[in-house]
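Working notes for the structure below.
The values are calculated or read from the model by the stated rules, or taken from the named source; none is laboratory data. It should be emphasised that the depicted structure is a prediction, and the values quoted were computed from it without experimental measurement. Positions of Cβ are backbone-derived with ideal geometry, glycine not excepted, and every protein chain shown enters the neighbour counts. For accessibility, only protein heavy atoms count, side chains too; no ligands or nucleic acids. Shrake-Rupley method; radii C 1.70, N 1.55, O 1.52, S 1.80 Å.
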Amino acid sequence: MTTGSTDARPPAEITDHDQGPAVTGDPGGRDRWRWLRHEWTLVVLGGLLLAVLLTWPTMRHPASTVPGDIGDPTLQAWQVAWAGHAVFTDPAGLWHSNTFFPERYTYAYSDTLLGYAPIGMLGSGFEAALVRYNVLYVLVHALAFVGAYALVRQLGAGRLGGVVAGVAWAYAPWRLAHAGHLNILSSGGIALCLAMLARGHGWSLRHGYRPERRRPGWALAGWLVAAWQISLGFGIGLPLVYFLLAAVLVGAGGYGWSWWRRGRRPAFGRRLLVADLAGGAVFGAVTLLLGLVYLRVVDLNPQAERSLAWTEMFSPPLIGFATAPADSWLWGERHAAAREQLSWPPEMALLPGMALLALAAAGLFVSVYPARHRVALGLGVLGTVLLGLGATLGGDGDPGYLTLSKHLPGWDALRTPGRMMHWTSLLMALLAAGTLTVFARSVRRWSTRGWARLLAPVVLLVPLAVVGLEGVNRTAHPVVPPPPAATRTAAEPMLVLPAGGAVDLIFMLWTTDGFPRVTNGLGGFEPVTQAQTRAATAAFPDPGSVAYLRGIGVRSVVALPGWAAGTPWEGIADRPFDGLGITREEIDGVLVYRL
């Protein structure tokens, strides 16, 4: 995916004219291990090592802790586990998960992370679910780094620009606010698919369109990666859908204009066209099929449809783009006063990095990219910032983010405009890479002799060190309560008490031990039956609640008295149950009622 390749030379002979010769293999093929020194081997291995270090201490206790909080991470650990379990054992029942009993299509009550199903097949049980989640948490950072590096290199920048851009995008301060949102952090496929599509079409920011560099296989791979990215969720996937649709329209328009202006058809190629049609069909089919599932959920649960009031509530002020979240080691405490001006800091602290801001600004004026492409990147940054302001733009966000919510299918479900920072920071990373490529070239020319040759590596590492420092976290890693033995012995379907709120997310994760059906669950909205169940069982055990639970098919109730303080089930252990036709057993302080 390097920009210095040609059709005539094998990959081992590719050179990077901005950064010096690439690693080359032995011409006679005697060096069997030269692939270990290849640029992409080093990038992947370096990305993995960097991910472990900059997400530390995630991998210290992966079987018992999660990064962020005991909330969404437990939900998402269950989602990955359920996807692997369902795809392996009963693909037809994938969407009808074991939670929210007796509802249907419950797996689509939030972003599904379905694309991680193959990883969900590895291991079983509660601890395996936590280990999977923590490994994925590290891997998504590594993939974001590799994806951004690949995109930068394909678009014409050098290795230093690629590394700094990869770190700046994958470990931007604003991402630290989403330590508990694996679906939001899973954006590496965006940059990677764009890199593959650009390579497949022989296009770069630095050199424009070069037909001789077309690679249909890379184009097809790009569409497939884009489809995989969509399978992780529409929360950040839907903007990618519209971006690619716009890119296709612009590309087709540019092709037609060039044909008309020159009087002859520009080179494109039948194989590339077939690759685009096949890959685009897969991408479109995945998008459409997933979209139909979510539409079905809305049909069954009209309350799931979100109004624009949600978007207005989560729209950040302009100061949010210069404010870091509390989890930032470098800026967290320094920006505490600024965060007090934000009504919802987790979605409004959007600092892309002070170093990235400076480098991107320099990239508008000094870069290896042509001026027109720098202007386009700058306009892209400006446009995504304006969209990211949501309803605060111009007082009502129309024209702006709310305009898209009113007219683009599905956009109204994207209630958090600040997540456009994915695109803002990626565009800024591209600008930064352009100027860093010029910087690296200047340092190389300056360091041709004497002491300057020894100082050059230190100078080149300065921007990387500064960007990396801004990515250092102080994210909490709380211990997740393990499931009690009672949940493994109770008959399903079951109700776990106390029910309602974030505690249901923990109960969902507990079900990864065998996936028994439970009425508990927490997602992007609340189904009607869940509120009814909580209301009907507030006095459990009593005749009305027992009759109600039997009526919906529940066979047992697991009550945790120690968790019930301040809920309707406080003191449940002292409530009589004689004469109700049920039995009760206490297992390590947990009560199991058999109906």
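Key figures
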| item | result |
| --- | --- |
| Residue within region 315-336 that is of a type in the set (Phe, Trp, Tyr) and under 30 Å from residue 108 (Cα atoms) present | no |
| Residue under evaluation residue 542, criteria (1) among the charged types (D, E, K, R); (2) touching a residue at least 60 places away in the same chain (Cβ under 8 Å); (3) surrounded by 13 or more Cβ atoms within 10 Å (Cβ to Cβ), criterion not met | (2) |
| Some residue of region 324-335 being farther than 19 Å from residue 471 by Cα and at pLDDT 95 or above | no |
| Some residue of region 295-312 being under 20 Å from residue 475 (Cβ atoms), in a loop (DSSP other than H, G, I, E, B) and either in contact with an Asp or Glu (Cβ under 6 Å, 6 or more places away or on another chain) or open to solvent by 60 Å² or more (accessible area, probe 1.4 Å) (or both) | no |
| Selection count where residues are modelled with pLDDT of 95 or more and among the polar types (S, T, N, Q), scope region 229-270 | 2 |
| Test: residue in region 111-134 that is of a type in the set (D, E, K, R), open to solvent by less than 40 Å² (accessible area, probe 1.4 Å) and under 30 Å from residue 168 (Cβ atoms) | yes |
| Residue in region 142-193 that is farthest from residue 67 (Cα to Cα), counting only those that are open to solvent by 10 Å² or more (accessible area, probe 1.4 Å) and among the polar types (S, T, N, Q) | 154 |
| Test: residue 189 is farther than 25 Å from residue 518 by Cβ, at pLDDT 95 or above, in contact with a Ser or Thr (Cβ under 8 Å, 6 or more places away or on another chain) and among the small types (Gly, Ala, Ser) | no |
| Filter result for residue 332 (over 30 Å from residue 94 (Cα atoms), among the small types (Gly, Ala, Ser), assigned to a helix (DSSP H, G or I) and open to solvent by less than 40 Å² (accessible area, probe 1.4 Å)) | no |
| Tally, over region 576-595, of residues that are among the aromatic types (Phe, Trp, Tyr) and either open to solvent by 30 Å² or more (accessible area, probe 1.4 Å) or in a loop (DSSP other than H, G, I, E, B) (or both) | 1 |
| Subset of region 163-202 (residues that are of a type in the set (Ser, Thr, Tyr) and closer than 16 Å to residue 432 by Cβ) | 171 |
| Residue ID - farthest from residue 193 (Cα to Cα), chosen from residues in region 221-264 that are under 18 Å from the mean Cα position of the chain (by Cα) and outside any helix (DSSP H, G or I) | 233 |
| Boolean, residue 355 is surrounded by fewer than 17 Cβ atoms within 10 Å (Cβ to Cβ), of a type outside the set (Phe, Trp, Tyr) and more than 22 Å from residue 67 (Cβ to Cβ) | no |
| Helices (runs of 4 or more DSSP H) wholly inside region 99-181 containing at least 1 residues that are touching an Asp or Glu at 6+ places or on another chain (Cβ under 8 Å) and closer than 25 Å to residue 479 by Cα | 126-154 |
| Which numbered condition residue 285 fails, given (1) within 24 Å of the chain's Cα centre (by Cα); (2) not in a helix (DSSP H, G or I) | (2) |
| Residues of region 478-519 satisfying the condition of being part of a helix (DSSP H, G or I), more than 23 Å from residue 120 (Cα to Cα) and open to solvent by 10 Å² or more (accessible area, probe 1.4 Å) | 489 |
| Selection count where residues are touching a helix residue (DSSP H, G or I) at 6+ places or on another chain (Cβ under 8 Å) and under 24 Å from residue 233 (Cα atoms), scope region 382-408 | 15 |
